[in-house]
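Trainee: Please find one structure pasted underneath; my questions will follow.
The values are calculated or read from the model by the stated rules, or taken from the named source; none is laboratory data. Since the model is a prediction, treat every value here as computed from it, not as a measurement. Positions of Cβ are generated from backbone atoms using ideal geometry, with glycine treated the same way; all protein chains shown enter the neighbour counts. Side chains are part of the model used for accessible areas, which takes the heavy atoms of the whole protein and leaves out ligands, DNA and RNA. Shrake-Rupley method; radii C 1.70, N 1.55, O 1.52, S 1.80 Å.
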Amino acid sequence: MPALSVRHLLGIKYLNEQDIQLIFETADQFKEVINRSIKKVPSLRDITIANIFFENSTRTKLSFELAEKRLSADVLNFSASQSSVKKGETLIDTVNNILSMKVDMVVMRHPNPGAGIFLSKHVNASIINAGDGAHEHPTQALLDSYSIRERLGDVAGKKVIIVGDILHSRVALSNIFALKLQGAKVKVCGPKTLIPKHIESLGVEVEPNLRKALAWCDVANMLRVQNERMEMSYFPTTREYTQQYGINKEILESLDKEIVIMHPGPINRGVEITSDVADSSQSIILHQVENGVAIRMAVIYLLASQLN
Ligand code: CP
């Protein structure tokens, strides 16, 4: 059976192109399963997975839980805000206590970049990074590329613009790694203050003008401004941000082609995207969410097949 080149999914940075294709081919099979009347397979009946979330989440948390249940794994859900972390317990102690209950795999979201990498070096379980600060969100990037492949047939050669708060976005970094590995052309667009210095070293170009960026691309991935990661203002007002970097129907209709609109969620309607765009037939936002379950099933299944 083909296997991933990694034991943990800590970031797209650690995958190769074959890993991504294997995840997509496995997800194709699981997508077929979750569209049947009986949406479950018995593949992981002997596996226990803990979802430990130190940060809020709707899509990722529910999607992982559903993916695990569709694979028939036993599932533990841990929310840091209701746990003994509040009494001062460390991350390693917390996870080792969970693992002593015979847990095989940990899915973790954490506000600190590198938290998953740190954990993988200190505990004996397979770790999946469900978002670590402004670092990586690998399953989001996988489901994003998978959704582009589904809508446009392929990712190679496609032109993708990532718009918004690139500086604080783990989605942007993981998407850049994933898209470049698959041979897509990538540009980023946003206020200069929200574009990381030296981003060109990742093989992407900066296009400061949204209309030019949209005229160039096949796909626009609109990102939320991550106010929770900002300690100061990066642009004058939300209104001015929306005027320069928000997408609306009038802008889309001024293009001479139909582009695909993506957003990882949660959306700030009326800020980076208007409702008439988010809810239009050009938007694949809810397809991204749907594909998240199949992608996470594939990642869990492939990592579980490497457990002793
Ligand atoms: N896209 C994403 O990570 O959403 P959540 O924060 O709701 O999980």
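Trainee: Running Debye on the chain with equal point scatterers at the Cα sites and no solvent, what base-10 log of I(q)/I(0) appears at q = 0.06, 0.08 Å⁻¹?
Mentor: For the chain, the Cα-only Debye profile gives -0.20, -0.35.
Trainee: For the chain, which whole percent of the accessible surface, found with a 1.4 angstrom probe, sits on carbon and sulfur atoms?
Mentor: Ligands and nucleic acids excluded, carbon and sulfur reach 49 percent.
Trainee: So, one more: Which value, in debye to the nearest 20, describes the size of the charge dipole of the chain about its Cα centre when Lys and Arg Cβ atoms bear +1, Asp and Glu Cβ atoms bear -1, and nothing else is charged?
Mentor: Around 300 debye, computed over the chain.
Trainee: Bin width 5 Å, alpha-carbon pairs only: give the P(r) of the range 138-285 as whole percents, running from 0 to the bin holding the largest distance.
Mentor: 2, 10, 22, 25, 23, 14, 5, 1, 0
Trainee: Restricting to DSSP loop positions (anything but H, G, I, E, B) with no more than 12 other Cβ atoms inside 10 Å of their own Cβ, which GluC sites (Glu not before Pro) remain in the range 1-106?
Mentor: none
Trainee: Rounded to the nearest 20 Debye, what is the dipole magnitude of the range 161-308 about its Cα centre when Lys and Arg each give +1 and Asp and Glu each give -1 at the C-beta?
Mentor: With Lys and Arg at +1 and Asp and Glu at -1, about 380 debye.
Trainee: Projected onto the charge dipole of the range 224-307 (+1 at Lys/Arg Cβ, -1 at Asp/Glu Cβ, origin at the Cα centre), which of Thr242, Val299, Gln226 gives the Cα projection farthest towards the positive end?
Mentor: Val299
Trainee: Given Cβ point charges of +1 (Lys, Arg) and -1 (Asp, Glu) and nothing else, what value in debye, to the nearest 20, does the dipole of the range 176-217 about its Cα centre take?
Mentor: 80 debye
Trainee: For the range 138-285, calculate the relative contact order in percent as a whole number, restricting contacts to Cα pairs under 8 Å that are 6 or more residues apart.
Mentor: 23 percent
Trainee: I'd like the antiparallel share, as a percent to the nearest 5, of DSSP beta bridges with both residues in the chain.
Mentor: 5 percent
Trainee: For the chain, what are the DSSP H helices with axial Cα length of 20 Å or more and mean Kyte-Doolittle hydropathy of at least 0.0?
Mentor: What comes out of the filter, once short or polar helices are dropped, is 285-304.
Trainee: Given the pairs Lys121/Lys158; Lys13/Lys192; Lys39/Lys102; Lys39/Lys158; Lys31/Lys187, which are separated by over 28 angstrom at their Cα positions?
Mentor: Flagged as over cut-off: Lys121/Lys158; Lys39/Lys158; Lys31/Lys187.
Trainee: Please tell me the relative contact order of the range 41-163 in percent, rounded to the nearest whole number, where contacts are Cα pairs under 8 Å and at least six residues apart.
Mentor: 23 percent
Trainee: Further question: Please name whichever of Ser84, Ile195, Gln21 sits farthest to the positive end of the charge dipole of the chain, dipole taken about the Cα centre and charges placed at Cβ: Lys and Arg +1, Asp and Glu -1.
Mentor: Farthest towards the positive pole: Ser84.
Trainee: Per residue, how large is the accessible surface of the range 55-128? Use a 1.4 angstrom probe and give square angstrom.
Mentor: The answer is 50 Å² per residue.
Trainee: Sorted by packing (mean other beta-carbon atoms within 10 Å per residue), highest first, where do 143-149, 79-85 land?
Mentor: Result, highest mean first: 143-149, 79-85.
Trainee: Near the amide H of Gly270, under 5 Å away, which other amide H atoms are found, from residues 5 or more places off or on another chain, if H is placed in the peptide plane?
Mentor: Amide H neighbours of Gly270, under 5 Å, 5+ apart: Ser275.
Trainee: For the range 88-130 and the range 250-299, compute the distance between their C-alpha centroids and round to whole Å.
Mentor: 32 Å
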